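The values are calculated or read from the model by the stated rules, or taken from the named source; none is laboratory data. Everything numeric in this text was worked out from a predicted model, so none of it was measured. Counting neighbours? That spans all protein chains shown, and the Cβs are built from the backbone with ideal geometry, glycine included. We work out accessible area using only protein heavy atoms, side chains counted, and drop any ligands, DNA or RNA first. Shrake-Rupley method; radii C 1.70, N 1.55, O 1.52, S 1.80 Å.
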Amino acid sequence: MVIGVASATEDIWIIFLSGLAAVFAGAFSMAGGEYVSVSTQKDTEEAAVARERELLEKNPHIAKQSLYASYVQNGECETSAQLLTNRAFLQDPLKALVEEKYGIEVEEFTNPWHAAISSFLAFAIGAIFPMLTIVLLPAAYRIPATVLVVALSLLGTGYTSAKLGQAPIKNAMIRNLTIGLLTMTVTYLVGQFFSI
């Protein structure tokens, strides 16, 4: 965003205001999207627990068969599945049902506010580097320096996400850099089209 505005004008105040608006718009947009998404996930998790609780209350035999079938489907042999099912029904059948069938923990639902705040902060922190670069440097260096800062940030993000996810590092870094450079090129060209 700031590269596009900086390619259209050298007025630092316009660049700063545009960048600031983009930071807040992006951060709130990311937070809102994450809140909606995680709220939907939480609703789904709560509905799954409610369904299993109702099944347990109305027909524990079918609930037991359902848990047994889940164990078998997830790779347990029939004997092991039967033992696990019997043990679960002696201890906490609802917990076993939702964990085995849906991969969620009872009463440990995802928190949409945590996700929203994390996304807001992550976007805002990530946007600080290009904002500072484009605002603090002289006009002749603004765009190239910002491209360099963003490129290095994208490479670092690609590396970190791949490392944490145990995915191929080179592919993630190249993908991040390519998309980022393409995005900056488009915003630069749009700015040039409307340059003052």
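Just a few scattered comments:
- Proximal charge balance of Leu67 [Cβ under 12 Å; K/R count +1, D/E count -1]: -1
- Net charge over other residues, Cβ less than 10 angstrom from the Cβ of Val49 (K, R count +1; D, E count -1): -3
- Note on Asn111/Ile169: beta-carbon distance plugged into 1/(1 + (r/R0)^6) with R0 of 25 Å gives a FRET efficiency of 0.25.
- Principal-axis analysis of the Cα atoms of the chain puts helix 169-193 at an angle of about 40° to the longest axis.
- Whole-angstrom gap from the range 101-161 to the range 1-55, using each part's C-alpha centre: 12 Å
- Rule-of-thumb Rg ratio for the range 120-185 [Cα; 2.2 N^0.38 Å; N residues]: 1.19
- Members of Lys42/Lys163; Lys64/Lys95; Lys42/Lys95; Lys101/Lys163 lying beyond 23 Å, as alpha-carbon distances in this model show: Lys42/Lys163; Lys101/Lys163
- In this Cβ point-charge picture (+1 for Lys and Arg, -1 for Asp and Glu), the range 70-196 has a dipole of about 820 debye about its Cα centre.
- Apportionment of accessible area to carbon and sulfur, the range 1-111, percent (1.4 Å): 56 percent
- Helix 139-165 axis, angle to the chain major axis (alpha carbon atoms, nearest 10°): 20 degrees
- Computed with a 1.4 Å probe over protein heavy atoms only, the accessible surface of the range 41-95 comes to 66 Å² per residue.
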